[in-house]
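The next block holds one structure in the form of structure tokens; read it before the comments.
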Amino acid sequence: MHNNLRDSLDEKERAFIDQVIAERSSRPGALLGILQAVQNHNPRNYLPMETLHYVAAKTRVPPSQVYSVATFYALFNLQPQGEHTVSICRGTACHTRGSRELLESLVLELGLGQRDDGDSGGADKATLTTADGVFTVRTVACFGQCALAPVVEINHSICGHVNEHTLQRQLKELARESD
Ligand code: FES
């Protein structure tokens with residue numbers, strides 16, 4: 001099975017991973033850095049299963065260990081990510097200032113509540129990507145910016161005191177950029 005998985009990676013991708021491993025394998029905590037570099041290189045910013053198996057085979061780290069690292073750290077994605085990422089804080093301060101409603105309106109607006117791929121788990125537990133690959137919506141425990149609650153991060157930029165109106169406006173601008 002592992003051979004089949006390795007075969008499904010194209011030659012360029014294998015060469016890139018080989019090079020990353022050669023450069024980093026002697027460093028402490030090498031696996032994290034390797035997975036990060038490989039994910040950054042993926043056009044959809046994620047780690048496909050065949051990539052994890054290939055990294056495991058090449059680094060001689062058991063596949064189960066590579067998989068647990070990839071699932072443990074929030075920075076790793078196992079599903080293709082959207083062109084734009086909107087992260088909604090679900091910490092207490094943001095919750096009391098309406099982050100749940102923000103999340104629900106976003107899920108509704110982008111049609112994410114309709115998905116039945118087992119990934120949605122309701123509006124409160126979200127790493128969801130629109131079918132057209134434009135938006136990924138995720139939840140975060142706390143951005144450490146509670147004074148700005150409710151906080152939303154849009155493409156790595158923190159926005160404070162967000163309301164549904166400003167969020168919708170920003171979404172529309174991003175959707176226009178992607179047209
Ligand atoms: S609870 Fe949202 S930033 Fe801390």
(message) Under 9 Å between Cβ atoms, which residue pairs at least 6 apart in sequence (or on different chains) link something in the stretch 43-62 that is within 14 Å of PHE16 (Cα to Cα) with a partner that is surrounded by 16 or more Cβ atoms within 10 Å (Cβ to Cβ) and of a type in the set (Ser, Thr, Tyr)?
(response) LEU52/TYR67
(request) Collect the residues in the stretch 128-176 that are surrounded by fewer than 16 Cβ atoms within 10 Å (Cβ to Cβ), of a type in the set (A, V, I, L, M, F, W, C) and within 17 Å of GLN81 (Cα to Cα), keeping them in residue-number order. (result) ALA131
(message) I need the full set of residues from the stretch 134-144 which are within 14 Å of the ligand (Cβ to nearest atom), touching a residue at least 24 places away in the same chain (Cβ under 8 Å) and in a loop (DSSP other than H, G, I, E, B), in order please.
(response) ALA141, CYS142, PHE143
(message) Looking at (1) at pLDDT below 95; (2) more than 30 Å from ALA141 (Cα to Cα); (3) surrounded by fewer than 17 Cβ atoms within 10 Å (Cβ to Cβ), which one does ARG24 not meet, given that it meets all the others?
(response) (3)
(request) Could you please let me know if ALA131 is under 26 Å from GLN39 (Cα atoms), modelled with pLDDT under 95 and within 16 Å of the ligand (Cβ to nearest atom)? (result) no
(message) Being assigned to a loop (DSSP other than H, G, I, E, B) and either more than 16 Å from the ligand (Cβ to nearest atom) or at pLDDT 90 or above (or both) is the filter here; which residues of the stretch 105-128 pass it?
(response) LEU110, GLY111, ARG115, ASP116, ASP117, GLY118, ASP119, SER120, GLY121, GLY122, ALA123, LYS125
(request) Go through GLY91, GLY98, GLY33 for me and flag whichever is over 22 Å from VAL134 (Cα atoms) and not assigned by TED's automatic domain parsing to the domain that holds ALA149. (result) GLY33
(message) I'm trying to understand the selection: among the residues of the stretch 70-102, which are within 12 Å of the ligand (Cβ to nearest atom) and assigned to a loop (DSSP other than H, G, I, E, B)?
(response) ARG90, GLY91, ARG97, GLY98
(message) When the residues of the stretch 63-82 are narrowed to those that are in contact (Cβ under 8 Å) with a residue 40 or more places away in the chain and surrounded by 19 or more Cβ atoms within 10 Å (Cβ to Cβ), which ends up farthest from ILE21 (Cα to Cα)?
(response) GLY82
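The values are calculated or read from the model by the stated rules, or taken from the named source; none is laboratory data. As the structure is a prediction and not an experimental result, all values here were calculated from the model. Virtual Cβ from ideal backbone geometry, glycine too; neighbours counted across all protein chains shown.
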